[in-house]
Amino acid sequence: MPHAVTNDDVRLYFEEAGSGTPIIFLHEYAADHTNWEPQMRYFSRGHRCIAYSARGYTPSDVPPSSQAYTYRHFYTDALAVLDHLKIAKAHFVGLSMGSYSSLQVGLNAPERALSMTLAAIGSGSHLENLDAFRKQCQANAAQYETIGSMEVAKATREAPSRIPFLVKDPRGHAEFYDALARHDAKGSANTMRGFQGGRPSIYTMRDAIRKVATPALIICGDEDDPCIEPSLFLKKHLPASGLSMFPKSGHVLNLEEPALFNEMVERFIALVEAGRWGARDPRSVGV
């Protein structure tokens with residue numbers, strides 16, 4: 001099995017397909033590298049595509065301490081995969097947790113990102129509810145350790161932002177949550193504590209976000225309530241960003257609407273590579 005090794009000696013399993021300008025896919029909390037398969041198959045026709053499982057998600061390593069699961073670990077892990085493959089820069093395509101890590105690359109290592117696709121980003125960002133969100137993350141982590149991934153998956157699959165996936169594609173929804181039930185419980189608990197419950201809100205990064213020149217495509221489902229306002233916030237403050245709202249869609253955008261997702265990302269990457277996705281023209285800004 002191919003693995004990249006991080007600065008703290010965590011092995012990250014990855015897969016790659018195709019050739020051309022690199023695209024690296026960063027998965028959400030409830031997923032792993034396998035959930036990018038519709039994108040790996042599509043985009044590898046013209047690009048070198050890489051998908052990997054984050055730390056805590058087998059067949060990558062599962063560090064025992066939650067202190068090894070901070071948001072800094074997660075975005076630098078993506079860079080470690082690129083370093084292992086001797087890739088200087090790539091298009092970053094993230095969903096939820098993966099979008100947050102992609103944004104952190106744009107903030108902290110912009111020279112490594114050709115572009116950022118930030119799909120389903122921002123859950124848990126609202127400052128007025130931040131303490132409650134973090135307490136819930138701690139409770140969720142304890143739940144993984146007491147009842148296991150299979151039982152947690154039964155509850156997660158009925159979360160409000162997951163229902164549109166169930167309504168559209170019961171077969172795909174069931175397959176997704178069968179896979180979640182097989183996740184390593186300790187890795188999921190540590191990710192919930194360290195990353196989900198410890199990352200800064202994107203609302204605290206406004207000044208830094210305004211300085212990010214990396215082309216960005218923000219994608220949000222109009223029934224993914226926790227992510228709508230954060231997506232609008234990013235559209236307002238990321239200079240070279242565009243926003244696509246998917247109708248009647250929830251959180252798992254790349255699997256809920258794979259054709260639409262692929263079309264939007266393909267168009268975005270093509271415009272970036274043509275040098276036609278710049279910062280917003282000041283003349284288009286209303287008073």
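Couple of notes before you dig in:
- Think of a 1.4 Å ball rolled over the protein heavy atoms: the range 207-271 then has 40 Å² of accessible area per residue.
- Bins of 5 Å, starting at 0 and running to the largest distance - Cα pair percent for the range 13-117: 3, 13, 26, 28, 19, 8, 2, 1
- Cα centroids of the range 181-215 and the range 72-119: 13 Å apart.
- Cut-off 12 Å (backbone N to label point 7 Å along Cα→Cβ of ARG276), residues of the range 224-240: none
- Label assignment, Kirkwood radius over Cα pairs in Å derived from the structure, set (i) 19.5; (ii) 18.8; (iii) 22.0: (ii)
- Flagged links, alpha-carbon separation over 28 Å, of LYS186/LYS248; LYS89/LYS235; LYS89/LYS211; LYS154/LYS186; LYS154/LYS248: LYS186/LYS248
- Whole-Hz Karplus values for the range 271-280 come out as 5, 4, 5, 8, x, 10, 10, x, 5, 5 Hz, taken residue by residue from phi with 6.51 cos²θ - 1.76 cosθ + 1.60 and θ = phi - 60°; glycine and proline positions read x.
- The modelled label-to-label distance between ASP178 and HIS126, using points 7 Å beyond Cα along the C-beta direction, is 3.5 nm.
- For the range 67-129, the list of trypsin sites (Lys or Arg not before Pro) that fall in a loop by DSSP and count at most 13 other C-beta atoms within 10 angstrom reads LYS86.
- The residue list SER53, SER102, ALA113 was ranked by how far each Cα lies along the charge dipole of the range 1-122 toward its positive end, using unit charges on Cβ atoms, and ALA113 comes out on top.
- For the listed peptides 116-125, 175-184, 220-229, 145-154, a ranking on the average number of other beta carbons within 10 Å per residue, highest first, reads 116-125, 220-229, 175-184, 145-154.
- Treating r as the C-beta distance of LYS168 and ARG267 and R0 as 30 Å, the FRET efficiency rounds to 0.85.
- When the trypsin sites (Lys or Arg not before Pro) in the range 27-62 are filtered for DSSP coil states and for at most 12 other beta-carbon atoms within 10 Å of their beta-carbon, the remaining sites are ARG45.
- Solvent-accessible surface of the range 44-132, averaged per residue with a 1.4 angstrom probe and all protein chains in place: 34 square angstrom.
- Looking at the chain alone, DSSP beta bridges between its own residues are antiparallel in about 25 percent of cases.
The values are calculated or read from the model by the stated rules, or taken from the named source; none is laboratory data. This structure is a prediction, so every number in the text was calculated from the model and none was measured. Cβ atoms come from the backbone with ideal geometry, glycine included; neighbour counts cover every protein chain shown. Accessible surface areas use protein heavy atoms only, side chains included; no ligands, DNA or RNA. Shrake-Rupley method; radii C 1.70, N 1.55, O 1.52, S 1.80 Å.
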